Amino acid sequence: MAFDFDLFTIGAGSGGVAGSRRAAAHGARVAIAEDRRVGGTCVLRGCVPKKLLIYGVHFAEELEDAKGYGWSVEGARLDWAKLIAAKNRETDRLNGIYVKLLRDSKVEVLDGRARIVAPNTVEVAGRRVTAAHILIATGGHPERLPIPGAELAIDSDQALDLAELPRRIAVIGGGYIAVEFAGIFRAAGAEVVQVIRADRVLRGFDEEVRAYLQGEMAKKGIRILGGSEPARIDRAGDGFTLTLKDGRRLDVDQVMMATGRRPNTRDLGLEAVGVTLNKAGAIAVDEWQATTVPAIHAIGDVTDRVNLTPVAIAEGRGLAETLFNGNPVRMDHGCIPTAVFSQPPVGAVGLTEAEAEQRGAIDVYRAVFRPMKHTLSGRDEKTLMKLVVDRASQKVVGAHMVGADAPEIVQTLAIAVKAGLTKRDFDRTVAIHPTAAEEFVLMREPVKRG
Ligand code: NDP
C-alpha cells in the first residue's frame with residue numbers, strides 16, 4: 001500500500017522534532033502535527049524559560065557577592081515584568097527556529113490536534129493522512145492534586161508567565177520543578193514556603209545530596225515544611241489560604257502545585273487501535289520504542305521512563321536510525337546524568353550511595369568546602385562533592401554534587417562514569433587549579449570503606 005508519508009509524528013517537542021528531522025535526513029517523507037506551538041515543553045514551558053529565569057534572578061546574589069570584592073551596588077532592583085518579557089522574546093525566537101528547522105528539513109508541519117483512527121491513519125484538522133509509521137511524542141502535562149481549590153493554584157506553565165512577582169508564595173511538592181521554582185521565587189525576593197510530604201526534597205537522589213541541598217535552600221530563606229500534605233486552597237482577600245492536613249494554615253498571594261506530570265495520552269485514539277498503556281497511564285513501549293501496535297511507536301515523556309529532553313531526543317533519533325537508516329539503535333537508559341537547577345544547583349550521574357550499597361561493597365569519597373569565591377563575598381554557602389566507588393572493581397559508579405556549576409561539571413564527569421573509569425583513573429588525572437571541579441580528582445581518603 002502506498003502511504004502519504006513514511007513517518008507521521010504527533011507532537012513537535014524536542015523528541016518529536018529530533019526524530020522527524022533525522023528520519024527526513026535519511027530520505028523519509030515526514031509530517032509532524034502540533035496543536036500548540038512548535039517547540040514543546042522544554043523549549044516553551046520548561047527547561048529553557050526556567051533557566052532564563054534562573055539566570056535573571058541569580059543576579060541578586062551576584063550583586064550581593066560583588067560587595068565583598070569592592071563593588072557598590074545600591075539601588076539595583078529586578079523588574080519582574082521585564083524579565084518575563086525578555087524570556088518570552090527568547091522562547092518566541094526559539095519557536096521560530098524550530099519551525100524553520102523543520103521546514104529546512106522538509107518535514108511537513110500540520111497545525112492541529114492529531115488523532116489515530118487506524119493503525120496507519122491519522123486525522124488532523126479534518127484531514128486524513130496515512131503513514132507507514134506513526135510516532136507518538138506528545139509529552140506530558142502538570143498534574144494537580146485532587147484537593148478542594150486545586151484550580152486556584154498555578155502550575156509550572158503559569159508560573160513561567162506570572163505578570164507580577166508574588167510577595168508570598170507556597171510551593172507544593174519537593175521534586176525537580178518545585179525545588180527549581182522555590183529557588184526562582186526566593187532569589188527574586190518573594191517569601192517562599194515549600195510544602196513537602198516527605199522529610200526531604202528530591203526523592204530518588206542521593207540522601208546526602210537531598211539533605212545538603214535542603215540545608216542550603218533553608219539558608220537562603222526558603223521555609224521547608226517536611227511531612228506536610230495540603231488539604232485545601234481557599235481564596236482569602238486578594239490572596240489564598242493553603243490549609244494543611246494537620247490544620248496549619250498558610251496565607252499567601254499565590255500557591256504553586258508541582259506535584260508531578262502525567263503523560264498526554266487522552267483523545268489520541270489509542271484504545272481503538274489497541275495501543276496499550278502501562279499501570280502508570282503511560283504508553284507501554286519496549287527498548288526499540290515499539291508500542292503494542294507494530295506501526296506505532298512512542299518516545300519521550302508520554303512513555304514516562306526517564307523524563308528528560310535529551311533522553312527523548314536520543315530515543316527519537318534512535319528510532320529514525322532504526323526505521324530509515326538500517327541502523328538499529330536500542331536506547332540505553334543506564335547512567336543518564338541529570339541536574340536540578342536549584343540554588344545552588346545539583347548534578348548527579350550513576351548510582352546513589354544507597355543504590356550502590358545494595359549491589360555490593362563500596363567506598364565513598366566526599367569533599368565539602370567553601371568555594372573560593374565566597375572567601376571574599378562572605379556568603380555562607382558550601383559545596384558538596386561525592387564519589388561512590390565499587391570496592392571490588394574500583395569503578396566510579398556514582399558522582400554527585402551540590403554547588404555552583406554542578407550541572408556543567410557533572411556533564412563532563414558523566415563521560416568518565418559512563419565509560420566505567422576507576423578511582424585510580426581519577427587519581428591519575430591532574431587537577432586544574434584553582435577550580436571547584438578539581439576536588440573530584442583530589443579526594444584521597446574514603447569517608448566510608450568496604
Ligand atoms: P517529580 O516527580 O520530580 O516530583 C513530584 C513531587 O510531587 C514530589 O516531591 C512528590 O512527593 C510530590 N507529590 C506527588 N504526589 C503528591 C501528593 N499526592 N501529595 C503531596 N505531594 C505529592 O515531578 P515534577 O513535577 O517536579 O517534575 C516532573 C518531571 O519533569 C521530573 O521527574 C523530571 O523528569 C522532569 N524535569 C526535569 C528537570 C531537569 O532536568 N532539571 C526540571 C523539571 C522537570 P514525594 O517526593 O513524596 O514523592
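Worth pointing out:
- Extension gain for residue 245 to residue 332 (0.36 nm times residue separation, less C-alpha to C-alpha distance): 27.2 nm.
- Between the C-alpha center of the stretch 123-186 and that of the stretch 382-450 there is a gap of 35 Å.
- Put simply, the amide H of residue 265, placed in the peptide plane, has no neighbours under 5 Å, leaving out anything fewer than 5 places away on its chain.
- Residues in the stretch 76-91 carry Karplus couplings, in order, of 5, 8, 8, 9, 4, 4, 5, 4, 5, 5, 5, 4, 5, 4, 6, 5 Hz; the curve used is 6.51 cos²θ - 1.76 cosθ + 1.60 with θ = phi - 60°, and Gly or Pro positions show x.
- Split the accessible area of the chain by element, probe 1.4 Å, and carbon with sulfur accounts for 51%.
- Listed peptides 272-278, 304-310, 232-238 appear in the order 304-310, 272-278, 232-238 once ranked by packing, highest mean of other Cβ atoms within 10 Å at the front.
- Summed residue charge, Cβ within 11 Å of residue 249's Cβ, Lys/Arg positive, Asp/Glu negative: -1
- Once the Cα-Cα distance is subtracted from the 0.36 nm per residue extended length, the residue 280 to residue 143 segment shows a gain of 48.0 nm.
- Net lengthening on full extension, residue 405/residue 292 (0.36 nm per residue, minus Cα-Cα): 36.5 nm
- Each Cα pair under 8 Å and six or more residues apart adds its sequence gap; the mean of these over the residue count of the stretch 320-416 is a relative contact order of 31 percent.
- Antiparallel %, DSSP beta bridges [both residues in the chain], to 5: 60
- Packing-based ranking, highest mean first, of 182-191, 123-132, 394-403 given that Cβ atoms within 10 Å are counted: 394-403, 182-191, 123-132
- Those Cys residues of the chain for which no other cysteine Cβ falls under 4.7 Å: 335
- Residue-normalised accessible area of the stretch 46-85, expressed per residue, 1.4 Å probe, Å²: 61
- Distance between the modelled labels on residue 168 and residue 433, one decimal in nanometres: 5.1 nm (7 Å Cα→Cβ projection).
- Neighbours of residue 208 by Cβ distance under 10 Å: Lys/Arg scored +1, Asp/Glu scored -1, total 0.
- Residue by residue, the stretch 104-109 carries 3J(HN,Hα) couplings of 4, 8, 6, 9, 7, 9 Hz when phi is fed to the Karplus relation 6.51 cos²θ - 1.76 cosθ + 1.60 (θ = phi - 60°); x denotes Gly or Pro.
- With θ taken as phi - 60° and the Karplus curve 6.51 cos²θ - 1.76 cosθ + 1.60 applied, the whole-hertz 3J(HN,Hα) list for the stretch 21-27 is 5, 5, 4, 5, 4, 8, x Hz, x standing for glycine and proline.
The values are calculated or read from the model by the stated rules, or taken from the named source; none is laboratory data. This structure is a prediction, so every number in the text was calculated from the model and none was measured. Every residue, glycine as well, gets a Cβ built from its backbone with ideal geometry; the counts of neighbours run over all protein chains shown. The area values use the complete protein model at the heavy-atom level, side chains included, leaving out ligands, DNA and RNA. Shrake-Rupley method; radii C 1.70, N 1.55, O 1.52, S 1.80 Å.
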